[in-house]
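What follows is a short report on a single structure.
The numbers here are math on the coordinates, done by the rules we state, and not lab data. For clarity, every value in this text was computed on a predicted model and none was experimentally measured. Using ideal geometry, Cβ is built from the backbone for each residue, glycine included, and neighbour counts are taken over all protein chains shown.
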Amino acid sequence: MTTHDLYTIPAEHATWDVEMQGASRFTWEYDDGRDRLLSLYQKGKDKQWDQVHRIDWDIEVDPHDVLGLPDETIAIYGTPQWDRIKGDRRAVGELKQHMTSWQFSQFLHGEQGAMICSAKIVESVPDLDAKFYAATQTMDEARHAETYARFLQDKVGLLYPINEHLKALLDDTLSDSRWDMPYLGMQVLIEGLALAAFGLLRDMTDKPLPKQILAYVMQDEARHVAFGRLALRDYYAELSSKEKEEREEFVVEGCYLMRDRFRQQEVWQNLGFDVEESMRSVENSQYFKLFQSLLFSRIAPCVKDIGLFGPKVQNAFADMGVLDMAGVDLAALMKQDEDLADLIDMEKQELLVRRQEVEKTIAMADSDIPEQSVSA
């Protein structure tokens, strides 16, 4: 069975070719670079991990209840469309499976996009310290794509093709000739939004396998967003007003694309729901409104921090109802991402030690049973 056998909607068998612009830049300056960036590079090397060994893939997953979220988180909950299926738990389970498949499929496609953007940063960025870090990020993104692909194939059993909004932003990001655009499109917008989505699901789910996956990926992504902030903050401080305005326009367009990315139109259409009615339900869903606003908790403060917070950006954030997110303490969120992943590792180690102690006790008890009693 190939991945294409698992797509709910046929995906293109041919590769998606994006014509990339811009120069491949070599530098002959091998002296030490920026201390904070080199420190991040060292951390990126130290924190490499292998999904084969770090994630407990033996944990069973119910494909019809992957995340264990309540029915109230489904956008059509409480509507006439929901009333028609709520008594049929199989139909509800199928809807949940498709929603989870769609969501994690977009995570997967986004991670492949991040891998390619990171490789382009290695190629095009002029500074060696940034090339060094982007090389570690390229490996991180390959691991994330590998992890999400395995989760979807082995545990969920379904995949969805790339969403048109994500595809459009990736196209804009990769086809731009300016070396900073992969940073801005990927590190700030796509990664920032994904990081917020990962965090919401990580904190809401009580299922151990998806919680592990999301927490471990987020531990890496926190460094990636920090990398984008460090590199772009220095560079954008030197740009002219016109150059900044061009990038602010890109941010505004990208944020609207990202806002529309999580409406799951393909799911409603694929399962035979009334798409227009479903889209209205999404718009009116209190859960979705909260989810949508929290998605910008990583983007808004980052955009402000790197100096792209002019009137156009502020007006767009106000229109989307996320302007207050610019005041979020991004450093505190990143620290939390790091700590939660380490905490999961500690809890797993404690469980392993207890399990070994129990097995040892059982083995000792068995060895004390007289041979005659065993044969009897």
*Which ordering of ARG280, ARG223 is given by a fewest-first count of other beta-carbon atoms within 10 Å?*
ARG280, ARG223
*So for THR79, THR100, fewest C-beta neighbours within 10 Å to most, what's the order?*
THR79, THR100
*Using a 10 Å cut-off on Cβ atoms, rank the peptides 135-143, 203-211 from the highest mean neighbour count down.*
135-143, 203-211
*Kirkwood hydrodynamic radius over Cα pairs of segment 222-376, then Stokes diffusion coefficient at 10 °C and 1.306 mPa s, in µm²/s*: 79 µm²/s
*Which value, in debye to the nearest 20, describes the size of the charge dipole of the chain about its Cα centre when Lys and Arg Cβ atoms bear +1, Asp and Glu Cβ atoms bear -1, and nothing else is charged?*
440 debye
*Summing -39500 (n - 2.57) over the DSSP H runs of n ≥ 4 in the chain and dividing by its residue number, what mean residue ellipticity at 222 nm do you reach, to the nearest 500 deg cm²/dmol?*
-21000 deg cm²/dmol
*In order through segment 312-317: 3J(HN,Hα) via Karplus (6.51 cos²θ - 1.76 cosθ + 1.60), integer Hz, x for Gly, Pro*: 4, 5, 4, 5, 5, 5
_Within a Gaussian network of the chain (alpha carbon springs, distance under 10 Å), most fluctuating of GLY321, GLY272, GLY310_ = GLY272
*Rotationally averaged projected area of the chain (alpha carbon convex hull; nm²)*: 24.5 nm²
*To the nearest 10 degrees, how steep is helix 35-46 against the longest Cα principal axis of the chain, on a 0 to 90 scale?*
30 degrees
*With charges set only on the Cβ (+1 for Lys and Arg, -1 for Asp and Glu), what does the dipole of segment 112-155 come to about its Cα centre, in debye to the nearest 20?*
160 debye
*Which angle between 0 and 90 degrees, to the nearest 10, do you get for helix 191-204 versus the longest principal axis of the chain when only C-alpha atoms count?*
30 degrees
_Chain lengthening between GLU253 and ALA318 when straightened (0.36 nm per residue, less Cα-Cα)_ = 22.0 nm
*asked:* Looking at the chain as a GNM with Cα springs under 10 Å, which of TYR183, TYR41, TYR287 has the largest mean-square fluctuation?
replied: TYR287
*Kindly express, to the nearest 10 degrees and within the range 0 to 90, the angle between helix 164-175's C-alpha long axis and the longest C-alpha principal axis of the chain.*
50 degrees
_Reference-scaled alpha-carbon Rg (2.2 N^0.38 Å with N residues) for segment 1-87_ = 1.97
_When only alpha-carbon atoms are used, what values of Rg and Dmax, in angstrom, describe segment 158-218?_
14.2, 44
*Using the reciprocal of the averaged 1/r over all distinct C-alpha pairs, how large is the Kirkwood radius of segment 231-323 in Å?*
14.8 Å
*Per residue, what volume in Å³ does the Cα convex hull of segment 143-296 take up?*
136 Å³
*Using a Gaussian network model of the chain whose springs link C-alpha atoms within less than 10 Å, name the residue from LEU352, LEU290, LEU257 with the highest mean-square fluctuation.*
LEU352
_If you take every residue apart from THR27 with its C-beta less than 11 Å away from the C-beta of THR27, what net charge results, scoring Lys and Arg +1 and Asp and Glu -1?_
-2
*Work out the FRET efficiency for ASP154 and SER241 from their Cβ-Cβ distance, taking R0 = 41 Å, and round it to the nearest 0.05.*
0.20
*Given LYS96/LYS167; LYS45/LYS207; LYS43/LYS360, which pairs have Cα atoms separated by over 32 Å?*
LYS43/LYS360
*Among LEU37, PRO63, GLY87 the positive-end extreme of the charge dipole of segment 17-147 (Cβ point charges)*: GLY87
*Which far-off residues, 5 or more places away or on another chain, put their amide H under 5 Å from the one on LEU159, with H placed in the peptide plane?*
TYR7, THR8
